[in-house]
Amino acid sequence: MNQAQPHFSVSEGVAPVDGDSASGLPNTQATIGPASSTAAARPVSRERLINKLNYLNFQNRIVLLAFEHAKYGHALRVQAQPQPCRENRLRCTWVDPRAARAISKGYVFSALLIPDEQKLLQGIGQVTSIDEEGIVIELPEVCTEVHSRRVVRYPCKGIQVQLLKSGSRFEGTLVDFSPISFRVRVRSSPPQTFGWLTAGAPVMVVLSNDREILFSGDCRIVSKTGGRRSREYVLEPTQDGIQRFERQQHRSVRQEFVPAPTIVFDHPFTGRLVSLKVLDLSASGLAVEENARNAVLMPGLMIPRLDLCLASNFRFSCRAQVVHRQVLDPESENSCLKYGLALLDMDVADHVQLVALLHHADDRRSYVCNQVDMDDLWSFFFDTGFIYPQKYGFIQKNREQIKQTYEKLYTHSPSIARHFIYQDRGKILGHMAMVRFHDSTWLIHHHAARSGSSFRAGLNVLEQITRFVNESCRFSFMHMEYLICFYRPENRFPRSVFGGLCRGIDDPRICSEVLFAYFHLQCDHDVKGRPGEYCLSPADDDDLGELSSFCRHQSGGLMIGALDLEPGDLEHSDLSEEFGKLGLKRERQLYAIKADGRLQAVAMVNLADIGLNLSDLTNSITLFVLDQHEITNETIYDALSVLMKRFGQQEIPVLIYPEAAAKSLEIPVEKRYVMWSLMPHHSDSFYRSMNAILRAGRRNGGTYDKRRPPSV
């Protein structure tokens with residue numbers, strides 16, 4: 001039976017006041033009677049009563065019939081289905097046919113009880129006939145409306161319950177629900193005894209459907225009904241908030257919109273459609289308000305699908321959880337409740353649109369993953385000096401392929417890339433980008449700004465990316481356990497920002513830096529066969545375990561985790577598939593260089609489209625030298641040349657760690673690069689340090705040398 005309206009009966013059949021019922025169902029009297037009335041009763045006409053009865057029939061819902069034992073005074077409450085009512089007579093059919101047998105044993109009709117949200121319509125009436133199928137009642141000219149509940153309680157169907165207390169577990173179903181208390185029916189089986197569930201006792205409650213857990217939290221037993229095989233308990237949640245994530249001092253920026261957005265969802269317990277206005281909104285959560293009398297939310301409640309509607313056809317679907325409740329004007333008769341909801345999951349494309357909307361609403365010159373005129377973007381890169389002559393000399397022979405790569409990254413809104421643009425009157429003033437290049441790691445690159453028209457544009461896009469990371473890192477679809485960035489130590493702006501962050505956080509478990517040597521290798525090395533001197537083979541977990549120990553001993557920090565070099569983290573295929581969907585290439589291979597079975601070096605070969613990163617660090621070989629005293633210069637060149645030929649490369653950048661190994665092995669170094677790594681889940685430290693840097697930069701009118709705009 002579909003009962004999607006508040007009702008005031010617990011049983012699904014017949015229940016005497018004391019002890020077990022004939023159907024094994026508990027007593028219902030305590031939740032029905034008018035004793036809980038909070039306002040004076042008022043009369044209701046027969047016409048309104050008939051309209052209400054026909055509505056209940058239309059919705060396939062029930063009424064309650066009250067009977068009293070003629071001799072002993074015992075009360076009985078029976079559920080019945082009202083039939084269409086045209087005049088003064090109402091026929092009801094029994095929900096449970098056993099009701100007729102129980103009523104025939106000396107009970108007389110006393111009242112018709114009709115649920116009407118928080119009120120109860122109560123009429124006396126006269127019984128004209130009664131049989132095994134139902135009852136006919138002559139309706140009174142006037143019935144009475146009484147208030148029965150402070151908060152509407154809604155009937156539920158298909159929700160399983162687990163009550164956990166002191167190592168015991170009782171199972172059952174959720175009967176009806178309100179945010180301040182809900183009623184469950186549970187069973188016991190030996191050696192369980194209902195004596196373990198005492199009134200006032202705390203219990204852990206888990207509510208779920210066939211697919212997932214919808215609520216889990218601490219509750220208190222308020223009341224119970226008797227019964228040997230099953231009982232009903234009224235439970236009261238004991239907390240006004242839950243801690244879904246680690247507490248943050250720096251919350252996401254909440255913004256108010258006019259007109260206010262709306263959230264719409266089917267309530268997970270009742271199935272009723274709920275629509276509430278949004279008070280404020282961020283990319284990670286929102287706040288809503290509802291009337292306390294008709295409340296449907298409670299802390300801990302999971303909402304599997306919630307639609308955030310900003311206009312009639314402009315909406316985002318997401319998964320959310322209620323994390324906080326605040327009572328507004330508790331002394332007022334019309335008090336309201338304010339709830340905080342955390343967004344837990346959503347489509348990655350919807351998330352990009354939501355972030356873009358919020359950033360642009362906060363600053364009309366801030367854009368996230370917007371459509372970009374590629375001619376304007378390339379002009380910006382050259383005008384700002386981001387592509388300087390030496391860099392252009394390296395990329396110019398592949399310029400057409402690079403143009404195609406950027407067309408895909410900047411016009412198709414891919415899940416693997418984000419770009420942030422500060423733009424005024426159509427002119428790009430600042431730019432920064434990210435690409436997900438390792439399974440759980442995003443590479444920050446392409447930071448540049450014009451110095452002439454807005455010396456703060458570089459700081460503004462840096463602030464955009466800081467806000468984005470703070471809002472987004474906890475979403476599983478972002479795969480953002482680490483952020484990394486490569487910069488040259490002589491470049492003052494990134495040294496001030498990223499190096500400053502590392503110094504400000506001052507914890508290598510959260511933020512760290514390591515130094516690499518860099519050079520270009522041409523495919524002109526003559527590999528000399530030196531059998532028995534070294535072996536080049538795919539790396540395994542044992543090799544990665546030794547590499548991890550070496551790097552942590554050498555510098556500590558986050559490099560091994562950020563580069564997916566932990567044992568057991570051998571290449572994940574889903575990221576390469578994401579690149580492939582866009583027609584882009586991304587491949588990684590790991591090789592061990594050994595002599596006499598001893599690991600001397602590990603080579604990580606990253607192959608991607610030329611220019612994905614304009615310093616081409618995404619299309620390179622990273623060489624980790626574990627023993628720079630035993631391995632030789634010839635062995636290094638032989639191994640690298642073999643790998644270049646294996647992957648069809650004529651020229652490739654090489655990064656060497658530790659940087660000192662290049663000097664020890666007499667390898668000519670063209671540049672040095674710092675690899676900066678951060679765990680953004682510790683966002684308070686990150687946000688606090690970044691804000692300090694941004695404030696200092698704005699006080700100084702920009703921290704970079706205006707003769708050379710900032711670039712990474």
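Rounded to the nearest 20, the Cβ-based charge dipole of the chain about its Cα centre (Lys and Arg +1, Asp and Glu -1) stands at 2120 debye. Computed from the C-alpha gyration tensor, the three semi-axes of the ellipsoid equivalent to segment 81-177 are 33, 19, 12 Å, from longest to shortest. Diagonalising the gyration tensor over the Cα atoms of the chain and scaling each eigenvalue by 5 before taking the square root yields semi-axes of 69, 29, 21 Å, largest first. Across all directions, the average flat footprint of the convex hull enclosing the Cα atoms of segment 513-677 is 9.4 nm². Which GluC sites (Glu not before Pro) in segment 542-606 sit in a loop by DSSP (not H, G, I, E or B) and have at most 15 other Cβ atoms within 10 Å of their own Cβ? Within segment 542-606, the qualifying GluC sites (Glu not before Pro) (loop, at most 15 other Cβ atoms within 10 Å) are 571. Sorted fewest first by neighbouring Cβ atoms within 10 angstrom, 635, 198 come out as 198, 635.
Beta bridges per DSSP, both residues in the chain: antiparallel share near 95 percent.
Between helix 46-58 and the chain there is an angle of about 50 degrees, using the helix long axis and the longest principal axis of the Cα atoms.
Roughly what angle does helix 348-362 make with the longest principal axis of the chain, taking Cα atoms, 0 to 90 degrees, to the nearest 10? Helix 348-362 sits roughly 90 degrees off the main axis of the chain. The chain: longest stretch without exposed chymotrypsin sites (Phe, Trp or Tyr not before Pro) (DSSP loop, at most 15 other Cβ within 10 Å), sites themselves excluded? Here the longest run is 258-646.
The distance linking segment 586-616 with segment 632-646 is 11 Å (Cα centroid to Cα centroid, whole angstrom). Listed by chain and number, the lysines placed with their C-alpha closer than 20 angstrom to that of residue 119 are 52; residues fewer than eight positions away on the same chain are left out. In degrees between 0 and 90, to the nearest 10, how far off the longest principal axis of the chain does helix 633-646 point, with axes built from Cα atoms? Once rounded, the angle reads 60 degrees. Just so you know, the Rg over Rh for segment 154-237 is 0.92, from Cα atoms, with Rh as the Kirkwood radius.
For 405, 225, which order do you get if you count the other beta carbons within 10 Å of each Cβ and list the fewest first?
Ordered from fewest to most neighbouring Cβ atoms within 10 Å, 405, 225 come out as 405, 225.
Only Lys, Arg, Asp and Glu carry charge here, each on its Cβ (+1 for the first two, -1 for the last two); on that basis segment 230-319 has a dipole of about 200 debye about its Cα centre. Of the GluC sites (Glu not before Pro) found in segment 72-159, those that fall in a DSSP loop while having at most 13 other beta-carbon atoms within 10 Å are 87, 132, 133, 141.
Diagonalise the Cα gyration tensor of segment 262-346 and give the resulting equivalent ellipsoid semi-axes, square root of 5 times each eigenvalue, largest first, whole Å. Kindly include the intermediate steps, with their values, before the conclusion.
Numbers: eigenvalues 88, 36, 33 Å².
Over the Cα atoms of segment 262-346, the semi-axes work out to 21, 13, 13 Å.
Counted by neighbouring Cβ atoms within 10 Å, the residues 366, 189 run from fewest to most as 189, 366.
All of the numbers you see were taken from the coordinates with simple rules; none came from a lab. Being a predicted model, the structure only gives us computed values, none of them experimental. Positions of Cβ are generated from backbone atoms using ideal geometry, with glycine treated the same way; all protein chains shown enter the neighbour counts.
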